[in-house]
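Novice: Mind having a look at this structure? Questions to follow.
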Amino acid sequence: MTLVGAVVVGLLIGVVLGTLGGGGAILTIPVLTYAFGMGIAESTTASLVIVGVSSLVAVAVHARAGRVDWVRGLVFALFGMAGAVLGSVLARGLDPDWLMAAFAVLLAVVASLMLRKGRPRSDAAGPASLTPRTVVLTGLTGLGVGVLTGFFGVGGGFAIVPALVLVLGLPMPVAVATSLLVISLNSASALATKLALGASLDWLFVGAFTAATMVGSIFGARLSGRLDAAVLKRAFAWLLVAVSAYMLVTSAITLFG
């Protein structure tokens, strides 16, 4: 029954991930922790496997549709991978309950940013040029998101999509596709660090969950090009609000109850 549940939930999370370019870890970590009884350390490590592999599969679908900004994505990911290593090291030894509470607060902040109205820059849909300003801005943004990736054990899409839209000015469909490229590379970096530091997993369970999420991400990536981006963006933001509220209440009960 546990494996069946992993497959069902994995399919749903994969659809969200492929469609929105993020949200996989935001859903995976609470599900693994509260529904399947994993410890926070194990669930954050497992989420890197599940979200990272599934994102890579979804990138291929988006790339065929021409929605991936390879220049910004690779620069973002390069700096993000360095930040992910730093974040993974910084998270060692921290109280997992406080870490989960901090994660919930971060989700609420990101949700508020995504609900704000803003227009992408006029040059956002075209190919990116490697000007010094582009490299610095993209690199610094990627570094910051990478730290969050390693620190909280998430793929980073919850922060990458808003960063690509609000900071770098990409339109939502391109941000979704490019985010998946960054997530796959950042997750690989953070996972390698965690495994090197001694993390272990139930590979049968994680493998089943990952396989289902991969299938879901393919469907989600195909849906992404057909659904209204503004509606998806708002829906994703309210999903963050709901998950954040649930995690804050649960963490408060654990810490102060």
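The values are calculated or read from the model by the stated rules, or taken from the named source; none is laboratory data. Treat the numbers as computed from the prediction; the structure is a model and nothing was measured. Methodologically, a virtual Cβ is constructed for each residue, glycine included, from the backbone with ideal geometry; neighbour enumeration extends over all protein chains shown. Remember, those area values only see protein heavy atoms, side chains included, never the ligands or the DNA or RNA. Shrake-Rupley method; radii C 1.70, N 1.55, O 1.52, S 1.80 Å.
Novice: Would you call Leu223 in contact with a Leu (Cβ under 8 Å, 6 or more places away or on another chain), touching a residue at least 60 places away in the same chain (Cβ under 8 Å) and in a helix (DSSP H, G or I)?
Specialist: Values: in contact with a Leu (Cβ under 8 Å, 6 or more places away or on another chain): no; touching a residue at least 60 places away in the same chain (Cβ under 8 Å): yes; in a helix (DSSP H, G or I): yes.
For Leu223, the condition - in contact with a Leu (Cβ under 8 Å, 6 or more places away or on another chain), touching a residue at least 60 places away in the same chain (Cβ under 8 Å) and in a helix (DSSP H, G or I) - is not met.
Novice: Would you point out the residue of the stretch 189-204, among those that are touching a helix residue (DSSP H, G or I) at 6+ places or on another chain (Cβ under 6 Å) and assigned to a helix (DSSP H, G or I), that is surrounded by the fewest Cβ atoms within 10 Å (Cβ to Cβ)?
Specialist: Pass one, the stretch 189-204, residues touching a helix residue (DSSP H, G or I) at 6+ places or on another chain (Cβ under 6 Å): 189-191, 193-194, 199, 201.
Narrowing the set further to residues that are assigned to a helix (DSSP H, G or I) leaves 189-191, 193-194.
Values: Ser189: 24, Ala190: 32, Leu191: 24, Thr193: 21, Lys194: 24.
In this case the residue turns out to be Thr193.
Novice: Which residue is most open to solvent (accessible area, probe 1.4 Å), if the candidates are limited to the stretch 8-36 and must be touching a Ser or Thr at 6+ places or on another chain (Cβ under 8 Å) and either outside any helix (DSSP H, G or I) or small (Gly, Ala, Ser) (or both)?
Specialist: Out of the qualifying residues, it is Phe36.
Novice: Would you please list the contacts, defined by Cβ atoms under 8 Å and residues six or more apart or on different chains, that run from a residue in the stretch 56-79 that is acidic (Asp, Glu) to a residue that is not in a helix (DSSP H, G or I)?
Specialist: If the second residue must be not in a helix (DSSP H, G or I), the pairs left are Asp69/Pro127; Asp69/Ala128; Asp69/Leu170.
Novice: Here is a further query. Return yes when Val4 is within 14 Å of Val206 (Cα to Cα), free of Cβ contacts under 8 Å to residues at least 12 places away in the same chain, not hydroxyl-bearing (Ser, Thr, Tyr) and not in a loop (DSSP other than H, G, I, E, B) and no when it is not. Explain how you work it out, then say what you get.
Specialist: Working: within 14 Å of Val206 (Cα to Cα): yes; free of Cβ contacts under 8 Å to residues at least 12 places away in the same chain: yes; not hydroxyl-bearing (Ser, Thr, Tyr): yes; not in a loop (DSSP other than H, G, I, E, B): yes.
Taking the combined requirement at face value, the residue satisfies it.
Novice: Name, by its number, the condition in (1) under 26 Å from Arg67 (Cβ atoms); (2) at pLDDT 90 or above; (3) open to solvent by 40 Å² or more (accessible area, probe 1.4 Å) that does not hold for Ala230.
Specialist: The one condition Ala230 does not meet is (2).
Novice: Could you identify the single residue in Ile50, Ile40 that is open to solvent by less than 20 Å² (accessible area, probe 1.4 Å), farther than 19 Å from Pro173 by Cα and in contact with a Gly (Cβ under 9 Å, 6 or more places away or on another chain)? Even if it seems obvious, please write down each step before you answer.
Specialist: Values: Ile40 fails: open to solvent by less than 20 Å² (accessible area, probe 1.4 Å).
Selected residue: Ile50, the only one of Ile50, Ile40 that is open to solvent by less than 20 Å² (accessible area, probe 1.4 Å), farther than 19 Å from Pro173 by Cα and in contact with a Gly (Cβ under 9 Å, 6 or more places away or on another chain).
Okay, residues lined up against (1) more than 19 Å from Gly24 (Cβ to Cβ); (2) at pLDDT 85 or above; (3) in contact with an Asp or Glu (Cβ under 7 Å, 6 or more places away or on another chain); (4) not in a helix (DSSP H, G or I):
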position	(1), (2), (3), (4)
Leu130	yes, no, no, yes
Gly139	yes, yes, no, no
Gly146	no, no, no, no
Phe151	no, no, no, no
Pro162	no, no, no, no
Leu166	yes, no, no, no
Ala175	no, yes, no, no
Ser184	no, yes, no, no
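Novice: List every residue pair whose Cβ atoms lie under 9 Å apart, where the two residues are 6 or more positions apart in sequence or sit on different chains, the first residue falls within the stretch 237-251 and is part of a helix (DSSP H, G or I), and the second residue, located anywhere, is among the aromatic types (Phe, Trp, Tyr).
Specialist: Close Cβ pairs satisfying both conditions: Leu240/Phe158; Ser244/Phe103; Tyr246/Tyr34; Met247/Tyr34; Met247/Phe103; Thr250/Tyr34; Ser251/Trp98; Ser251/Phe103.
Novice: Need the failing condition index for Met172 against (1) open to solvent by less than 20 Å² (accessible area, probe 1.4 Å); (2) closer than 22 Å to Leu20 by Cβ, just the number.
Specialist: Going through the list (1) open to solvent by less than 20 Å² (accessible area, probe 1.4 Å); (2) closer than 22 Å to Leu20 by Cβ, Met172 breaks only (1).
Novice: Continuing with this model, one more query. For Val249, state whether it is surrounded by fewer than 19 Cβ atoms within 10 Å (Cβ to Cβ), over 26 Å from Gly52 (Cβ atoms) and either more than 16 Å from the chain's Cα centre (by Cα) or modelled with pLDDT of 80 or more (or both).
Specialist: Numbers: surrounded by fewer than 19 Cβ atoms within 10 Å (Cβ to Cβ): yes; over 26 Å from Gly52 (Cβ atoms): yes; either more than 16 Å from the chain's Cα centre (by Cα) or modelled with pLDDT of 80 or more (or both): yes.
Yes, satisfied.
Novice: Out of the stretch 211-227, which residues are of a type in the set (Val, Ile, Thr) and buried (at least 21 other Cβ atoms within 10 Å of the Cβ)?
Specialist: First, the residues of the stretch 211-227 that are of a type in the set (Val, Ile, Thr): 213, 215, 218.
Once the filter is applied, which keeps residues that are of a type in the set (Val, Ile, Thr) and buried (at least 21 other Cβ atoms within 10 Å of the Cβ), the stretch 211-227 yields only Thr213.
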